[in-house]
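Visitor: Here you go, one structure.
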Amino acid sequence: MARLEKILNRRRLLLFGIASGLSLEGVTAAPQPAAPAHAPFGPVVPPQTALSVPLIGDDGQAFYLPHRLRSKVTAVQLMFAGCSAICPIQGALFAGVAQRIESVRGAQLLSLTIDPLNDDPAALRRWKERFGAHRLWSAAAPKLQDVDALFDFLGGRNRGVDGHTGQVYLFDRQARLRYRTPEFPTISYVADIMNQLAQL
């Protein structure tokens, strides 16, 4: 697990270096700072109730987002199966978080695709299987007309090549958005916030 954390930290630094034109020779990952309590990341005050959008899960079952979130502490991410830049990092992140939250009562992970035209349940299952498809981790697709509403609610829109951020969105047991992480949080960062929400 520590090795996976180091790999993710190194990849974050590489992405930053590529984006800024910096050389990363000899650079080591620094500890991630605590998130400030304001947008675009940090605590969501007041908490926001999840949008009631219909989804199709990777098991082929239909459900509404709040119904899946209620009574659980949930980490949500945006992704799409054809993404080759940041989504592999996100998949590795959730694979690591899943192992760290096994003892957290009612914890779960949910990946939401932003490409519902191409990401059917089978495609979502294949994407998760690349990273170990843990039992606490599910994926789902909204209807195409609801993708923009999800972007706006979560604050996950990005002008980059993938169209979405590498943030994670944390929901409490009342299906309320309570926290937005910075881009590419560590496994420990996400697991620790989920543990805190589980105590509420």
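The values are calculated or read from the model by the stated rules, or taken from the named source; none is laboratory data. Predicted model only: the values in this text are computed from it and were never measured. Here Cβ is always computed from backbone atoms with ideal geometry, including for glycine, and neighbour counts include all displayed protein chains.
Visitor: Looking only at the range 167-193, which residues are in a helix (DSSP H, G or I), out of contact with any Gly (no Cβ under 8 Å at 6 or more places or on another chain) and either small (G, A, S) or closer than 21 Å to I86 by Cβ (or both)?
Guide: The initial filter retains those residues of the range 167-193 that are in a helix (DSSP H, G or I), namely 187-193.
Now drop any that are not out of contact with any Gly (no Cβ under 8 Å at 6 or more places or on another chain), which leaves 188-193.
Of everything in the range 167-193, those that are in a helix (DSSP H, G or I), out of contact with any Gly (no Cβ under 8 Å at 6 or more places or on another chain) and either small (G, A, S) or closer than 21 Å to I86 by Cβ (or both) turn out to be S188, Y189, V190, A191, I193.
Visitor: Does Q145 satisfy the condition of being within 19 Å of G42 (Cβ to Cβ), surrounded by fewer than 16 Cβ atoms within 10 Å (Cβ to Cβ), of a type outside the set (K, R) and without any contact (Cβ under 8 Å) to a residue 60 or more places away in the chain?
Guide: no
Visitor: Go through (1) closer than 18 Å to G42 by Cα; (2) loosely packed, with under 15 Cβ neighbours inside 10 Å and name the single condition V190 misses.
Guide: With (1) closer than 18 Å to G42 by Cα; (2) loosely packed, with under 15 Cβ neighbours inside 10 Å applied to V190, the lone miss is (2).
Visitor: Out of the residues in the range 104-139 that are in a loop (DSSP other than H, G, I, E, B) and either hydroxyl-bearing (S, T, Y) or out of contact with any helix residue (DSSP H, G or I) (no Cβ under 9 Å at 6 or more places or on another chain) (or both), which is nearest to F80 (Cα to Cα)?
Guide: The qualifying residue nearest to F80 (Cα to Cα) is N118.
Visitor: Could you identify the single residue in Q167, Q108 that is in contact with a Lys or Arg (Cβ under 7 Å, 6 or more places away or on another chain), polar (S, T, N, Q) and at pLDDT 95 or above?
Guide: Numbers: Q167 fails: at pLDDT 95 or above.
Answer to the check: Q108.
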